[in-house]
Every structure is written in structure tokens, then in C-alpha cells.
1. For region 155-238, list the helices (runs of 4 or more DSSP H) that sit wholly inside it and hold at least 1 residues that are closer than 26 Å to residue 128 by Cβ, under 20 Å from the mean Cα position of the chain (by Cα) and assigned by TED's automatic domain parsing to the domain that holds residue 263; which are they?
2. Go through region 277-296 and give me each residue that's at pLDDT below 90 and touching a strand residue (DSSP E or B) at 6+ places or on another chain (Cβ under 7 Å).
3. Go through region 37-67 and count every residue that is in contact with a strand residue (DSSP E or B) (Cβ under 7 Å, 6 or more places away or on another chain) and either without any contact (Cβ under 8 Å) to a residue 24 or more places away in the chain or over 23 Å from residue 133 (Cα atoms) (or both).
4. Please state which of the following conditions residue 132 fails to meet, knowing it meets all the rest: (1) in contact with a helix residue (DSSP H, G or I) (Cβ under 7 Å, 6 or more places away or on another chain); (2) surrounded by 14 or more Cβ atoms within 10 Å (Cβ to Cβ); (3) closer than 25 Å to residue 271 by Cβ.
5. Those residues that are part of a loop (DSSP other than H, G, I, E, B) and crowded, with 17+ Cβ neighbours inside 10 Å, I need them from region 114-129; list them, please.
6. Limited to region 239-275, what total is found for residues that are modelled with pLDDT of 85 or more, over 20 Å from the mean Cα position of the chain (by Cα) and not in a loop (DSSP other than H, G, I, E, B)?
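The values are calculated or read from the model by the stated rules, or taken from the named source; none is laboratory data. Only a predicted model underlies this, so the values are computations on that prediction, with no experimental measurement involved. Positions of Cβ are backbone-derived with ideal geometry, glycine not excepted, and every protein chain shown enters the neighbour counts.
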């Protein structure tokens, strides 16, 4: 059971697809299949269900958690030694559902520390906790609750989420709108699991309604452009009014105390943060999210 085999197993477990995993790893699929078979033989149990599509089974999920932690510890050890014996700051690995939210603090961080290498990862919220515990990432900024077992969470900002419409939409110009008034309107939305989609579904479910989704995708930053093009309306956080560079839209408040999002910075309590990661943590936690600039500046 060597490290090479374990790293290959993690990729297969993540993709649940042998040919795509083989392409990512740049190995032949038959060789990868034999590696997985040897691991299963050593463990004495299958790690995947193979009826139809390849699926990680319960034993595989249990094994993956231990393997990811072990590989994460080894990688953290290498980075800690490199930091201790070198003159640099190290590397920081930061994840978020929507990277557009982080453009302000990231720009300030790079201006202050231009030599630091920053790795950005966009991932769904349900993957963040596992990747933090596996030490694949150092920090993450979440827009929805994440199970906090073994994680340190710092509240960053709570903001209103608005309805954005095309400028010529019948609702444009209204100061506010109720959820009931949005029933039947065509919505441009993110896919299920993303915080904006979960908020939309929750708001409508609270009124016994179902939103009419006419367009859904993975690029939350593209919503304003699609809305401005006339495809529909959508939920957009207040921060986007300061950071969006897309076509203009009308902004309307939603008359519901639940139409909000909370930004949280998370890290694994057992992980070693490099100096670069500690500086990134300080930059993000000290950021003035309402003014989109470092605290203490004007």
C-alpha cells in the first residue's frame, strides 16, 4: 500500500469514474484498475460498488477519509519544513463557492505580499469540510452553514440578498418586493447545492411555492449578465453591487428577514497554517466587507 496507489485511489474516489481519473492522472485505465483492485485485496473488501456507474461505497468513504488525512499530514509536513528552512512565506490555499466575493481582499493581499503563491479553489460547500480536514486547503470562505466538527469558524459578514431584474422589467423601480410577488417569475439561478439556489428554494418553500427556474448554471458571477440580457430575474448578494463589472440591472430589496447570506471563514483546528495562510486569514478577517476595503482605510 504505497503513497502512489493511495493518491490514485483518492482521485478515483473523487471522480467515481475510472477513465476520467486515468486521464487526470495520465495513466492507462487498465493500470489504474489494477491499482484499485490491489488496494481492495489488501483491505479485504470492495471500496466501490460497480453495478452500473462506479460508486464509492461505505467502506470506500471510510477509507478515503483516513487516506486524505494521512496524505494531508504528509503534505503539511513538507510545507512546514520548507517554510522553516526557507526565507519565503510559503503558499496559501483558499477555497470558496464564489471566488468573485474574494476579489477585494485578494487584490489587497497580493499588493501587500506579491511574492506569495496563492492557490484558489472553487468548490461546493459540502466538499469544503472534508478538504479542510484532509489539509488539501488551508482556509475557505463559505456562504452557507458547514458542519463545524473539528473546524474553527469566524463570522465575516452578514448581508442582504437582493432581487436583480432587467432594467425594463415591470418590477424595476420598486423599492421592495415580497416572495409571493415573485411567484411565477422566470429565475436565472445556480445549480442545486449552491448557496444562492438553496436560499431561493428555502424562501419559496416557506410560502408553499416552487420557483420557476428557466436557466441554471455553475457560474454565479455570470448571473447579472444573464439577468441583464433579459433571461429572467435572480437573487444576487449586496456585495455584488460593489464588485460586479457586468451589464447593469435593477436592484430590489426582498421583504423577508430570511433573504440574507452570512460569510464565514473556516479552517481545520488541527492543521498547521503557513505564514502565508496566517497573513491571508488576517487580511480576510480584518476586511471591511461593507466598504470593500481593509479596515482603517478610507
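1. On the way: elements: 179-182, 195-205, 223-228.
Result: 195-205, 223-228.
2. Of everything in region 277-296, those that are at pLDDT below 90 and touching a strand residue (DSSP E or B) at 6+ places or on another chain (Cβ under 7 Å) turn out to be 289, 294, 295.
3. Number of matching residues: 3.
4. Here residue 132 meets the rest and fails (1).
5. Filtering region 114-129 down to residues part of a loop (DSSP other than H, G, I, E, B) leaves 114-116, 123-124.
The answer is 116, and nothing else.
6. Counting residues in region 239-275 that are modelled with pLDDT of 85 or more, over 20 Å from the mean Cα position of the chain (by Cα) and not in a loop (DSSP other than H, G, I, E, B) gives 6.
This table checks each residue for (1) modelled with pLDDT of 90 or more; (2) crowded, with 16+ Cβ neighbours inside 10 Å; (3) not assigned by TED's automatic domain parsing to the domain that holds residue 280.
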| position | (1), (2), (3) |
| --- | --- |
| 13 | yes, yes, yes |
| 21 | yes, yes, yes |
| 30 | yes, no, yes |
| 61 | yes, no, yes |
| 75 | no, no, yes |
